[in-house]
Amino acid sequence: MRQEVHPDGSLGLGSGWLTEHAALDSTVSLRVRRNSSFHLPAEPVPLILLGNGTGLAGLRSLLKARIAQGQTRNWLLFGERNRAHDFHCGAELEGWLESGALARLDLAFSRDQAEKIYVQDRLREAAAELRVWLDDGAAIYICGSLLGMAAGVDQVLHEVLGAAVVSELIEQGRYRRDVY
């Protein structure tokens with residue numbers, strides 16, 4: 001394993017964790033699974049990206065590709081436990097927001113306050129904006145935990161939009177998930 005160090009001094013997500021936190025000679029269980037439907041849309045439509053934890057890696061790769069193409073209608077809703085310890089790409093994301101590469105960034109750090117806040121809570125709070133983005137043709141991409149965040153986001157989408165609209169988004173390829 002070789003540690004990847006970016007020009008700004010930050011470490012690669014995987015190599016950084018393995019070289020800084022994994023014990024020497026320890027075993028790391030993993031699997032690689034291809035999700036052929038989790039790719040950028042062919043047309044330059046607005047994107048709403050929702051994720052938590054390691055799901056940021058998949059969303060970040062999509063964002064980097066979009067930014068390289070000059071597409072700035074990107075809205076990221078991301079959650080983790082603690083801002084101080086778990087906001088691994090925070091400077092990069094906030095830089096994208098400041099530069100206009102991200103149109104909107106909503107964060108949910110569940111353990112930073114007495115009442116837990118999750119990605120699905122931030123989405124519910126932004127229901128009116130969600131409808132505007134979808135009316136503009138936006139696609140929704142979800143990456144992260146299946147049982148917690150993804151299930152919660154799906155429930156909020158059904159509450160806010162209704163089952164028929166969610167089904168239509170799925171049929172149109174505008175609701176894509178890479179959850180585990």
Taking the stretch 3-47 and keeping residues assigned to a loop (DSSP other than H, G, I, E, B) and hydroxyl-bearing (Ser, Thr, Tyr) leaves Ser10, Ser26, Thr27, Ser29, Ser36, Ser37
Any chance Gly90 is at positive phi and surrounded by fewer than 17 Cβ atoms within 10 Å (Cβ to Cβ):
no
Out of the helices (runs of 4 or more DSSP H) lying entirely within the stretch 117-180, which hold 1 or more residues that are in contact (Cβ under 8 Å) with a residue 40 or more places away in the chain and surrounded by 14 or more Cβ atoms within 10 Å (Cβ to Cβ)?
119-125, 127-135, 151-161
Could you check how many residues of the stretch 87-110 are among the polar types (S, T, N, Q) and modelled with pLDDT under 95?
1
Number of the condition not met by Leu50 [criteria: (1) within 19 Å of the chain's Cα centre (by Cα); (2) part of a helix (DSSP H, G or I)]:
(2)
For residues that are of a type in the set (Ser, Thr, Tyr) and not assigned by TED's automatic domain parsing to the domain that holds Tyr141, scanning just the stretch 30-61, find the one that is nearest to Glu171 (Cα to Cα).
Ser37
Need pairs with beta-carbon distance below 6 Å; first residue in contact (Cβ under 8 Å) with a residue 24 or more places away in the chain and within the stretch 72-95, second among the basic types (Lys, Arg); sequence gap 6+ or separate chains.
Asn74/Arg66; Trp75/Arg104; Leu77/Arg122; Arg81/Arg111; Asn82/Arg111
The stretch 70-86 - residue that is touching a Phe, Trp or Tyr at 6+ places or on another chain (Cβ under 9 Å), modelled with pLDDT of 95 or more and not in a loop (DSSP other than H, G, I, E, B) and, of those, farthest from Ser110 (Cα to Cα):
Asn74
For Leu123, state whether it is under 22 Å from Leu157 (Cβ atoms) and assigned by TED's automatic domain parsing to the domain that holds Asp154.
yes
Pick out the one residue from Leu102, Leu97, Leu107 that is assigned to a helix (DSSP H, G or I) and either touching a His at 6+ places or on another chain (Cβ under 6 Å) or surrounded by 14 or more Cβ atoms within 10 Å (Cβ to Cβ) (or both).
Leu97
On the basis of being surrounded by fewer than 13 Cβ atoms within 10 Å (Cβ to Cβ), in contact with a Ser or Thr (Cβ under 9 Å, 6 or more places away or on another chain) and not in a loop (DSSP other than H, G, I, E, B), does Ala65 make the cut?
no
Are there any pairs, at least 6 apart or on different chains, whose C-beta atoms fall under 6 Å, with the first in the stretch 53-66 and of a type in the set (Phe, Trp, Tyr) and the second surrounded by 17 or more Cβ atoms within 10 Å (Cβ to Cβ), and if so, which?
none
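The values are calculated or read from the model by the stated rules, or taken from the named source; none is laboratory data. Just so it is clear, the structure is predicted and the values come from calculations on it, not from any experiment. Every residue, glycine among them, receives a Cβ derived from its backbone with ideal geometry; neighbour counts consider all protein chains shown.
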